[in-house]
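This report refers to the structure that appears directly beneath it.
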Amino acid sequence: MKLICLTLLLVRGITDSRSEWFEVVGPADPVFAVAGEDVILPCSVKPNISVVDMRVEWFRLDQKDSLVHLYEDHEDRNTDQIQSYRGRTKLIHQELQTGNASLKLSSVRVSDEGVYKCFIQSKSRYDDATVDVRVEAVGSPLVITVDGFDRSGRLHLQCESEGWNPEPELEWLDSEGVSLSSETTETHRNTDGFSVKHTITAHHSNDKIHCRVKLRHHMLEALIISSNNMFISWRTSVILISVFVVLIVIAGILIALFAHKYRAQRQLREEKNRIQQERDQLLQSQKMIITQECFIFSAVKVILDADTAHRRLIVSDDGKQVRDGNTELNGEDGGKRFSEYRGVLGKDGFSSGSFYFEVQVKDQTKWYLGVARESCDRKSLIHLRPENGYWIVGQRGEKYWACDSSYVSLSLRVKLQRVGVFVDYEERLVSFYDVESMSHIYSYTGTPFNEKLYPFVCLGYVSNENSTPLIICEDY
């Protein structure tokens, strides 16, 4: 009898052990994330059994206080969580029932880069998997500084930028695109990423010199131009204008000594007024161009097509507003919906002439808008650039971007409240304007369209915790 009981206990133990057998699986390749965006760290069990009753722990392998997220006894317990991760980690509890313990990490930082461990433990078994996270950050706009001339009249130039990750390539190029050798190179790293600084001595023969920073699919570039053997940047322009004004004053004094006093003063006033008018005209040139364009084209009525919207988006009944609902809605797909980007198209497309519309982006911090061609890829997480059928500008956090052949950082003086989009189909032109200041933001030129273009607005991808809607404007 004892032998039978012992045998039954052994069989039951083996059965229970097999019923709780599982393997924790992570990604085979590194997970790449963009600073400021959200990312999913994949982790699941095989077979796809429920881990609701198990302990799920995420931690860093390269830090002493390593807890990133802890789920235990059916709830999140993050009192001992690393301070920098507070409020930025999330397990999807519904997914735990199917064995999915992936971690969502919001607003990725450069300091998040490293190796993570996903540890899952039941009553009788545990296993883990590692996730290698690589963070890519695009740095600040390039700054070129003129450090002075040497005895031969050559310019000493310095180019610098900060906030990159991983370490970028910085190079100087002449007008033909040939790389110029840098004299000194300085690279520093802190928690915000890499800062780079290169200096070069430029010869008079180089009429155009480019400073370029490259990082995988990202690139920033700045240009300095020489004229009459002198390099002109905005700083040197200010100096030349100042010298010119001083010369005029001196000339006025000399004229006053040899001519009639009042006539000389009148000439000096006229000359100063002329210079001031020319400067004012230069400063207002962009505003004048925009004003003229407003008289040339007519605004179109844009209504958003809810049938193309990502399932998480909520489009208003009148088709004028869209926001992220943070929950996936039911409904037919029909192959028209966006499945990765939180995007939506306008109902009407355009294949000729010019058209203009405005979108209010006030208080929203993650958006893209512009136009997209009819056959654009709506199912993949691709770069929103012309070669993929998108002409856009956008905002991520505090930074504004365009996405041409590479990412272009936009330096704006004020936060955008309303963006105007102008398209001239025949001229192959897509231009963006800050409506409030009537200033130009960015233009795409020269790309053939070949098919219908539709208004396009987007609230990022993965998720958008900001519930502020993007609004199609009509009061212009």
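From largest to smallest, the equivalent ellipsoid semi-axes obtained for the stretch 78-156 from the alpha-carbon gyration tensor read 49, 13, 11 Å. With all distinct Cα pairs included, what does the Kirkwood hydrodynamic radius of the stretch 306-383 come out to in Å, to one decimal, could you say? The Cα-based Kirkwood calculation yields 13.8 Å.
Report the local net charge at LEU70: Lys and Arg +1, Asp and Glu -1, summed over other residues whose C-beta lies under 9 Å from its C-beta.
Numbers: positive: ARG55, ARG77; negative: GLU57, GLU72, ASP76, ASP80.
My count for the surroundings of LEU70 gives -2.
Could you give the dipole magnitude of the stretch 313-399 about its Cα centre, charging the beta-carbon of Lys and Arg +1 and that of Asp and Glu -1, in debye to the nearest 20? Each step should come with its number before you reach the end.
Numbers: 14 positive and 14 negative charges, 50 e Å.
The calculation lands at about 240 debye.
Let a ≥ b ≥ c be the square roots of the eigenvalues of the Cα gyration tensor of the stretch 363-413; is it rounded (a/c under 1.5), or, if not, prolate (a/b larger than b/c) or oblate? Prolate shape, in that a/c is at least 1.5 and a/b is the bigger ratio. Rounded to the nearest Hz, the phi-derived 3J(HN,Hα) couplings of the stretch 378-384 under the Karplus curve 6.51 cos²θ - 1.76 cosθ + 1.60 (θ = phi - 60°) are 9, 10, 10, 8, 9, 6, 7, where x marks glycine and proline. In loop segments of the stretch 21-124 as defined by DSSP, there are no GluC sites (Glu not before Pro) with at most 15 further C-beta atoms inside 10 Å of their C-beta.
Please list log₁₀ I(q)/I(0) at q = 0.13, 0.19, 0.25, 0.31 Å⁻¹ for the stretch 38-94, using the Debye equation with identical point scatterers on the alpha-carbon positions. Values returned for q = 0.13, 0.19, 0.25, 0.31 Å⁻¹ are -0.35, -0.74, -1.18, -1.45.
Kindly state, to the nearest 0.05, the FRET efficiency for ARG125 paired with THR327, given R0 = 45 Å and r defined as their beta-carbon distance.
Values: r = 34 Å, r/R0 = 0.75.
Between ARG125 and THR327 the formula returns 0.85.
When a/c is below 1.5 the answer is rounded, else prolate if a/b is larger than b/c, else oblate, so apply that to the stretch 413-476 with a ≥ b ≥ c taken from the square roots of the Cα gyration tensor eigenvalues. Mind dumping the intermediate values first?
Details: a/c = 1.99, a/b = 1.35, b/c = 1.48.
Taking the square roots of the gyration eigenvalues as a ≥ b ≥ c, the stretch 413-476 is oblate.
Each Lys and Arg Cβ is given +1 and each Asp and Glu Cβ -1; about its Cα centre, the stretch 328-476 then shows a dipole of about 340 debye.
If we count every other residue with Cβ under 14 angstrom of VAL315's Cβ, Lys/Arg +1 and Asp/Glu -1, where does the sum land?
Values: positive: ARG311, ARG312, LYS320, ARG323, LYS336, ARG337, ARG342, LYS347; negative: ASP305, ASP307, ASP317, ASP318, ASP324.
Residues close to VAL315 contribute a combined charge of +3.
Over what distance in Å are the Cα centres of the stretch 317-378 and the stretch 76-129 separated? Comparing the Cα centres of the stretch 317-378 and the stretch 76-129, I get a distance of 32 Å. Annotation note: trypsin sites (Lys or Arg not before Pro) in the stretch 60-118 located in DSSP loop regions with a Cβ neighbour count of at most 13 within 10 Å are LYS64, ARG86.
Indicate the gyration tensor shape class of the stretch 20-156 (rounded, prolate or oblate), computed on the Cα atoms with a ≥ b ≥ c the square roots of the eigenvalues: a/c under 1.5 is rounded; otherwise a/b larger than b/c is prolate and the rest oblate. In terms of gyration-tensor shape, prolate. Please report the net charge: other residues with Cβ closer than 9 Å to the Cβ of LYS90, K and R +1, D and E -1. Within the 9 Å Cβ shell, the charges total +1.
Once the Kirkwood radius over Cα pairs is known for the stretch 339-393, the Stokes-Einstein relation at 10 °C and 1.306 mPa s delivers a diffusion coefficient of 125 µm²/s.
Selection among GLY87, ALA101, PRO141 by position relative to the dipole of the stretch 75-166 gives ALA101 as farthest towards the positive end (Cβ unit charges, Cα centre).
FYI, it's all coordinate maths here, none of it is from the lab. This is a predicted model, so every value here is computed, not measured. Quick reminder, even Gly has a Cβ in these numbers, built from the backbone with ideal geometry, and neighbours come from all protein chains shown.
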